[in-house]
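Nothing in this text is a laboratory measurement; each read-out follows from the coordinates by a stated rule. A quick note: this is a predicted structure, and the numbers were derived from the prediction, not measured. Here Cβ is always computed from backbone atoms with ideal geometry, including for glycine, and neighbour counts include all displayed protein chains.
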Amino acid sequence: MPISHWKLVLLVPVVSLLTACGGGGSPGDGTVPLEVKPGEITISDATSGCPGFVRGVDVMVTGGNSPYTIHNPIPQAIALTTSRVDRAGQSFHFDALGGCLDNIPLTVTDADANSVDFVINRTYAQ
């Protein structure tokens, strides 16, 4: 049974629209590169010594393939709210518990073993 002219006129724009929106990928499904926002933070200290407790920031994980794990290389100096983020767009929070933290990476790894670092830096007083 042939398609009527009017059905064809209505069908072509719908098919075109569906085709146009299908190739972008979604954060967390493995089609978008793994990323953390921000990618780094710098802790400034008014003294030349090492700072004590410093409230950190929320770090959002996007892209890659969820879920994500966060590796903390110095758990006695950095507190994390979680070591796992379940979905893209969710965050974890860190606080510096004290010490001379400089160029310390918190490594985020996705389900496909891709990884990216969130780096904690420090500026020293002169």
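Amide H to amide H distances under 5 Å link Arg122 with Ile43, Asn103, where only residues 5 or more positions off or on other chains count and H is placed in the peptide plane. Taking every alpha-carbon pair in segment 31-126 and binning the separations at 5 Å intervals from zero gives 3, 14, 27, 22, 15, 10, 6, 3, 1, 0 percent.
Working from label points 7 Å from Cα in the Cα-to-Cβ sense, the Ser44 to Thr31 distance is 4.2 nm.
Rounded to the nearest whole Hz, the Karplus-based 3J(HN,Hα) values (6.51 cos²θ - 1.76 cosθ + 1.60, θ = phi - 60°) of segment 98-114 follow the sequence x, x, 8, 8, 9, 6, 9, x, 9, 8, 9, 10, 8, 5, 9, 6, 6, with x at glycine and proline.
With each label modelled as a point 7 angstrom along the Cα→C-beta vector, the His93-Ile74 pair spans 2.2 nm.
If the segment from Ala111 to Ser83 were pulled out straight at 0.36 nm per residue, it would be longer than the present Cα-Cα gap by 8.7 nm.
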